[in-house]
Amino acid sequence: MRIQLRAARPAERAPSLDPAQYQVVHRPARGANLLVVGSPGSGKTTVALEAYLQRAATEADAASEPRHYLLAPSRLHAGRLRATAASRLIGVGAARRSPAVLTPAAFAFALVRRDAVVRRLPPPTLITGAQQDRILAELLEGHALGIGATIEWPEDLPREVLGIPAFRDELRNLFMRADEFGIGAGELDRLGRELGRAEWVMAAHLLEEYRDVVALGDLPGDRGERFDVARVLSEAAQVIESGTGPPLASVVVDDYQEASAALVRLLTALSERGTHLTLIGDPDVAVQTFRGARPEFVGRASADTGMGAFSAERVALPRVYRGNVQVRRIVGTVVGKVPSAGPGTHRTAELAPESVAVERAQREPVVAMELASPAAESAAIAHELRRNHLHAGLAWDQMAVVVRSSRA
C-alpha cells in the first residue's frame, strides 16, 4: 500500500469587511443581544463566521469546553463553515480544538450528552432522519398488513397512502411539530376530536406507537435515551432551564430565518442564563418552513415580550455584493409584494460600487425558456454551461444551477 502525504492547505485569508460588517464582527459578546438582517449577497454568512472566529480565537485552553458556538441550519452548511473556521484558526495559531460550528440538532445533542455524562447516565443516541423514516415505514407497513393496534382511520383518506414516502414525510413533520410544542399523543388526540380533524386522531395513535418503539431501544441498561431532532432540542432546553448546562459566553446563529420554535426555546433558555446571542438572517428567503422554520422569529427578536423576543439591537447590512442592477430590481419588485417580518429596511440595500462595475463589464440578458421534456431541459442547461465555460471563459465553479429540491 502506497501512502502519499500532501501539504496542508494554506490558511484562508480574512475577507475585507465594510464598516457595517466590521462593527458587527468586532462587537463584544456582552450587553444586548444582536439581530443582523440583510438581503441575499450582503455578507450575512461572512459576518456570522467572522464574529464567531473573533471570539473563538480568544479561547486559550484546548482542554476546556467551548464557550462560543456558531450554528448553521444544515449539515452541509455547517461543514463548510467548520472547514473554513479550522483553516482560519490555524492561520492565526489558535486551532486548539475542532471549531464549535454545528447544526442546531448537533448543538442540542452535545448539551444533552454532556448532561448525561455529568449525571453518570448512559450516553444518549440521536436518531437520524433516515432512522426515523425507517421506523415509521415499518410501523405503517404493519398497519397496511393489519398488524398493530386498531386505528381510527379517516373516511376520506385511502389506506393506500400507508406505503407512500410522501405520507411518511408529512407524518414525521407532524410528529416533530408536536414535539416542539410539547404536545403528546393524548393531547393531539384531544385536539383532533375537538377541532374535527380526524387525521390528527389517526396520527395521535401512530405517534404513541412511534414513541413506544423508540423507547424500546432504551431498554438495555447500558443504553441511554434515544432522541429525534425535534425532541433533542426540547430536551436541551430543559437541561439549560434546570441550570445544569455549561456556561456559554455566546452563540451566533446563521440563517436565523430557518429557526424552529424548539430552537427558539433553547436560545431563550440560554439568553436568560447570560449567553449572548447574535442572530443573523433574512425573513424573505426562508426555505425550511415545511420543516417547522418560522421566519417571523426574525422580526420578533427585537421585541421585549412574547415567544422569540430577545430585546435584540437590530442592524441592517446596507450593501449587496452579489448580482447586478437588473437582478436587484427584480428582487425588489417580488419582495415588495410580500409582508415583511419587521421594518424591512434590509430590502433597500444598495448594490456595492464594485458589483455595478462588474455588471457593466459583463452584462448578460435574462432569458426564459419553455422546453418540451425533462431531457430537453437537461440538454439546454448543459449547453448553457458549456457555452459560458468555453466562449465566455467562466470557470465551472463560477456557475450554478438552482433546482427546486435535492431530488431534482
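Derivation of every value follows stated rules applied to the coordinates shown; laboratory data play no part. Being a predicted model, the structure only gives us computed values, none of them experimental. Here Cβ is always computed from backbone atoms with ideal geometry, including for glycine, and neighbour counts include all displayed protein chains.
Listing for the model above:
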{"quantity": "Phi-based couplings in Hz for region 393-404 (Karplus 6.51, -1.76, 1.60; Gly and Pro marked x)", "calculated": "x, 7, 6, 4, 7, 9, 10, 9, 10, 9, 10, 5"}
{"quantity": "Computed over the chain: relative contact order in percent, which uses C-alpha pairs under 8 Å that are six or more apart", "calculated": "21 percent"}
{"quantity": "C-alpha center-to-center spacing [region 38-82, region 298-336] in angstrom", "calculated": "20 Å"}
{"quantity": "Cα-based equivalent ellipsoid of region 214-298: semi-axis lengths in Å, sorted from largest, via gyration tensor", "calculated": "27, 19, 8"}
{"quantity": "For Glu272, net neighbour charge (Lys/Arg +1, Asp/Glu -1) across residues whose Cβ lies under 13 Å away", "calculated": "+1"}
{"quantity": "Net charge of neighbours whose Cβ lies under 9 Å from the Cβ of Ile240, counting Lys and Arg as +1 and Asp and Glu as -1", "calculated": "-1"}
{"quantity": "Binned Cα-Cα distance frequencies in the chain - 10 Å width, integer %", "calculated": "4, 18, 25, 25, 18, 8, 1"}
